[in-house]
2 protein chains.
Amino acid sequence: MTFSVTVLGSGAAIPLTHRNPSAQLINVHEKLYLIDCAEGTQVQLRRNRIRLQKINHIFISHLHGDHYFGLMGLITTLHLLGRDAELNVYADPRLEEIMNLHLDASKTVLNYPLIFHPLNTEVSEVILDNRFIKVTTIPLKHNFPTCGFLISEKQAKPNIRKDFLEGKSLANSDYKQIKSGKDYTDEHGIVYKNEDITTSPRLPRSYAYCSDTAYDESIIPLVKGVDLLYHEATFMEDKAKDAEAKFHSTARQAAEIARLAGVKKLLLGHYSARYKNLQALLNEAIEVFPESMLADDGMTIEVWPV
Amino acid sequence: MTFSVTVLGSGAAIPLTHRNPSAQLINVHEKLYLIDCAEGTQVQLRRNRIRLQKINHIFISHLHGDHYFGLMGLITTLHLLGRDAELNVYADPRLEEIMNLHLDASKTVLNYPLIFHPLNTEVSEVILDNRFIKVTTIPLKHNFPTCGFLISEKQAKPNIRKDFLEGKSLANSDYKQIKSGKDYTDEHGIVYKNEDITTSPRLPRSYAYCSDTAYDESIIPLVKGVDLLYHEATFMEDKAKDAEAKFHSTARQAAEIARLAGVKKLLLGHYSARYKNLQALLNEAIEVFPESMLADDGMTIEVWPV
């Protein structure tokens, strides 16, 4: 079952010809979720051959343009392409005002339900809970109300052993009972203990997205042990003062959070346009946390429990 | 002296990987003007190595997203790059509301003056008149208040003949007098008639941008004889009914306007995404008006009087 992150934009505030600002597409069990939506995101989705209409949930971390200026374009394109399924947008309450003004000014009546979920960036809250995942907000320390998102896969049910199933024809209700942990009694009254006829399910996976934020240890309990942490690294340590002043992080600081939170892997991004070669930025993180890697536009990372 | 049109987007409503929606950069005497600003325009400007900060005037034809969704991104980037020169935006009055809401929601105070000029799309008006050009609106027939723009170069002053200047040292005031049509009297009292000491200046050039619009002969007097006419051609004749219903034009209709208005050249664009190969669309126009050509993202056309 898929759990992957596709980076649609790995740059900071200014769109460049080779690097878009923030947007990521998360695929969990072929359900698609979009996190942030900078200008150009819909074209980045096309470039990665992602089916736009399969996106049902869009999470916006905050209302700086490099995280949401592509949203109205995507909403309009979904409409023009004939969408009828509802689309859920989770964001700062003022985004609803902005979306409504755009739609009203252009006299557009969407032919699908656009459902807006206002976020409170002050506290960590569960904002989506479905069969496959739970999405929890991560309050971040930026110069604007901002939150990250933790996507936690649900624990899968145990698997029924194939050697047990051989020669038996179980009813659907039996399957459900066994998968929910019950023992099984056959037509002769023989009892099979659940632990003998099932194997453990694979471990659930988790991904945390943290952009934009200053170095802030208060997020550590929320991202503890995740399989993959995306943490912004706008600057390197030589610009630590700029990072502090602008409520951004250095690559070293991102790695320090990863280390302290005991995550499995760290993905760096949101690079300032000043860094032409990112190897030094990566090296700075690796010194603190060896399992660091660079996000790049168009890359897809499979999230696996390590 | 330059007068050129760079096509930044030649497609209709939906941004594609190979074709952006509407935006054009007009260079007249190294002053840059932007017409329309779809999502992705700032990156298209970068791709064409156009210096963003040299743009001082932006004209928006109407408030459909494929003509303005890139504007807030461009405004923000100019701010982040340290602009201090004023920026003039000419558009539907509601765009001011939209811009202000975005800036307010993101708590952005621009470090340059953003001057908004509301347009009345019902009448043709001169909206800019400087040393080099005059910009006049062209009311268009769309399903939304829309106008095109006519950019007319000012008549240049006559040139003073080099053979006359040889061996003379004229004062600056003499140059101005001769260029304004006056005769010249030298220190011996000899009178030189203006027509003998000057040559005619080159003809002023003109460009008209008409998108989006249904076939509408009422624009003909406004675009009569222009050196280059951009006219939308969303559809071909096989979709003439769609064109009519959606207040767009076919390639043949665009050519018919060009023919009736006696323009020198016709530039087609705003193609529906359904047309993969545009040769048939071009052929349809050429049958009616041979001097037709296809706009394509990234092309630059020099406007010369024919």
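The values are calculated or read from the model by the stated rules, or taken from the named source; none is laboratory data. Because the structure is predicted, anything quoted here is derived from the model rather than measured. Counting neighbours? That spans all protein chains shown, and the Cβs are built from the backbone with ideal geometry, glycine included.
Listing for the model above:
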read-out: Subset of region A:258-288 (residues that are over 22 Å from the mean Cα position of the chain (by Cα) and more than 17 Å from A:D212 (Cβ to Cβ)); value: A:K276, A:N277, A:L278, A:Q279, A:A280, A:N283, A:E284, A:I286, A:E287, A:V288
read-out: Extreme residue, farthest from B:L16 (Cα to Cα), among residues of region A:22-38 that are of a type outside the set (D, E) and assigned to a loop (DSSP other than H, G, I, E, B); value: A:H29
read-out: Any chance B:E195 is in a helix (DSSP H, G or I), modelled with pLDDT under 95 and over 18 Å from B:E302 (Cα atoms); value: yes
read-out: Residue match in region B:279-288 (condition: in a strand (DSSP E or B) and out of contact with any Pro (no Cβ under 7 Å at 6 or more places or on another chain)); value: no
read-out: Residue that is nearest to the other protein chains (Cβ to nearest Cβ), among those in region A:102-124 that are of a type outside the set (S, T, N, Q), exposed (fewer than 14 other Cβ atoms within 10 Å of the Cβ) and assigned to a loop (DSSP other than H, G, I, E, B); value: A:K107
read-out: Some residue of region A:253-276 being polar (S, T, N, Q), modelled with pLDDT of 95 or more, surrounded by 23 or more Cβ atoms within 10 Å (Cβ to Cβ) and in a helix (DSSP H, G or I); value: yes
read-out: Qualifying residue in region B:106-126 (condition: over 32 Å from the mean Cα position of the chain (by Cα) and at pLDDT 90 or above); value: yes
read-out: Residues being within 11 Å of chain B (Cβ to nearest Cβ) and either touching a His at 6+ places or on another chain (Cβ under 8 Å) or buried (at least 21 other Cβ atoms within 10 Å of the Cβ) (or both) - total across region A:19-30; value: 2
read-out: Condition check for A:S61: in a loop (DSSP other than H, G, I, E, B) and either more than 9 Å from every other protein chain (Cβ to nearest Cβ) or of a type in the set (K, R) (or both); value: yes
read-out: Selection status of A:D238, under 22 Å from A:A13 (Cβ atoms) and assigned to a loop (DSSP other than H, G, I, E, B); value: no
read-out: Restricting region A:1-18 to residues that are surrounded by fewer than 18 Cβ atoms within 10 Å (Cβ to Cβ) and part of a loop (DSSP other than H, G, I, E, B), the residue that is nearest to the other protein chains (Cβ to nearest Cβ); value: A:T17
read-out: Enumeration of residues in region A:64-87 that are within 14 Å of chain B (Cβ to nearest Cβ) and either under 17 Å from the mean Cα position of the chain (by Cα) or of a type in the set (D, E) (or both); value: A:D66, A:H67, A:Y68, A:L71
read-out: Qualifying residue in region B:39-53 (condition: part of a strand (DSSP E or B), buried (at least 23 other Cβ atoms within 10 Å of the Cβ) and within 14 Å of chain A (Cβ to nearest Cβ)); value: no
read-out: Set A:D297, A:D212: member being outside any helix (DSSP H, G or I), acidic (D, E), touching a His at 6+ places or on another chain (Cβ under 7 Å) and closer than 25 Å to A:T6 by Cα; value: A:D212
read-out: Candidate set: region A:88-99, residues that are more than 10 Å from chain B (Cβ to nearest Cβ) and in a helix (DSSP H, G or I); chosen: the one nearest to B:L63 (Cα to Cα); value: A:M99
read-out: Looking only at region A:204-234, and only at residues there that are hydrophobic (A, V, I, L, M, F, W, C) and in contact with a Phe, Trp or Tyr (Cβ under 9 Å, 6 or more places away or on another chain), the one that is nearest to A:A12 (Cα to Cα); value: A:A233
read-out: Hits in region A:145-158 - residues which are surrounded by fewer than 22 Cβ atoms within 10 Å (Cβ to Cβ), over 13 Å from the mean Cα position of the chain (by Cα) and modelled with pLDDT of 95 or more; value: A:P145
read-out: Unmet requirement for A:Y33, which otherwise passes all of (1) over 24 Å from A:I301 (Cα atoms); (2) more than 14 Å from every other protein chain (Cβ to nearest Cβ); (3) of a type in the set (S, T, Y); value: (1)
read-out: Test for B:L222: is it in contact with a strand residue (DSSP E or B) (Cβ under 7 Å, 6 or more places away or on another chain) and under 24 Å from B:F132 (Cα atoms); value: yes
read-out: Scope region A:205-231; condition surrounded by 23 or more Cβ atoms within 10 Å (Cβ to Cβ) and without any contact (Cβ under 8 Å) to a residue 40 or more places away in the chain; matching residues; value: A:L229, A:H231
read-out: One residue from A:S218, A:S211 being within 24 Å of A:C37 (Cβ to Cβ) and either modelled with pLDDT of 95 or more or within 22 Å of the chain's Cα centre (by Cα) (or both); value: A:S211
read-out: Residues of region A:135-180 satisfying the condition of being part of a loop (DSSP other than H, G, I, E, B) and of a type in the set (D, E); value: A:E166
read-out: Hey, A:T76 among the hydroxyl-bearing types (S, T, Y) and touching a Lys or Arg at 6+ places or on another chain (Cβ under 8 Å) or not; value: no
read-out: Selection status of B:L78, of a type in the set (A, V, I, L, M), touching a helix residue (DSSP H, G or I) at 6+ places or on another chain (Cβ under 9 Å) and surrounded by fewer than 22 Cβ atoms within 10 Å (Cβ to Cβ); value: yes
